[in-house]
Amino acid sequence: LKYPNNVVFHKSRTRVLYSISEIDHAYLDAAISSLQKGIELAPTDAKNVLNMGLFLAQKGDMPGAIASLNKARELRPNYRDAYYYLGSFYKFLSEQEGTTDVQKKEYKDKAIKELEFTLKNIAGGKEDPQSQELLNSLTGNKNVTTEK
């Protein structure tokens, strides 16, 4: 490579490898490696860190995915997508076979907490129907609103 430390190159490379990985899953590891290099070059880029969480979730590494999303949230405290995906992943974990009732409740409570924070502090339900819908699916209450 002529410019191996070019962040834009690694973002573009990651996008291409990820697109190919949707056809051939073997390319997901290459996309993750490229994204890791991008994170090394721009460690405060919350979007790259969030994307790492999404990639790790696709590989089934939920602890790694959650750690990445928490890091993205630390980098950008008002990052709606980090809260949404944390809520989504905690909901997923609460529904997994083999999860104890205590763990299910803990994951569900964490999911609700993330989504309520988003709706109260970042975007209201009218501005973020996706988070509102996910929260409603967790609470079983179609009338839950958490306006700012």
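The values are calculated or read from the model by the stated rules, or taken from the named source; none is laboratory data. These numbers come from a predicted model, not from an experiment. Neighbour counts are summed over all protein chains in view; Cβ atoms, including those assigned to glycine, are modelled from backbone coordinates with ideal geometry. Only protein heavy atoms, including side chains, enter the accessible area calculation; ligands, DNA and RNA are left aside. Shrake-Rupley method; radii C 1.70, N 1.55, O 1.52, S 1.80 Å.
Matching residues to (1) over 24 Å from Glu22 (Cβ atoms); (2) crowded, with 17+ Cβ neighbours inside 10 Å:
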{"position": "Ala46", "(1), (2)": "no, yes"}
{"position": "Gly53", "(1), (2)": "no, yes"}
{"position": "Gln58", "(1), (2)": "no, no"}
{"position": "Asp61", "(1), (2)": "no, no"}
{"position": "Asn70", "(1), (2)": "yes, no"}
{"position": "Arg73", "(1), (2)": "yes, yes"}
{"position": "Arg80", "(1), (2)": "yes, yes"}
{"position": "Phe89", "(1), (2)": "no, yes"}
{"position": "Ser94", "(1), (2)": "yes, yes"}
Can you name the number of the only condition in (1) in a helix (DSSP H, G or I); (2) without any contact (Cβ under 8 Å) to a residue 40 or more places away in the chain that Gly124 fails?
-> (1)
Might you check whether a residue that is of a type in the set (Lys, Arg), under 15 Å from Leu138 (Cβ atoms) and without any contact (Cβ under 8 Å) to a residue 24 or more places away in the chain occurs anywhere in the range 81-102?
-> no
Considering residues of the range 29-44 that are of a type in the set (A, V, I, L, M, F, W, C) and under 10 Å from Lys11 (Cα atoms) only, the residue most open to solvent (accessible area, probe 1.4 Å) = Ile39
Considering only the range 19-82, give the helices (runs of 4 or more DSSP H) lying wholly within it that have at least 2 residues that are over 22 Å from Thr118 (Cα atoms) and of a type in the set (Val, Ile, Thr).
-> 27-41
Scan the range 96-114 for residues that are open to solvent by less than 40 Å² (accessible area, probe 1.4 Å) and under 20 Å from Gly64 (Cα atoms) and report the count.
-> 3
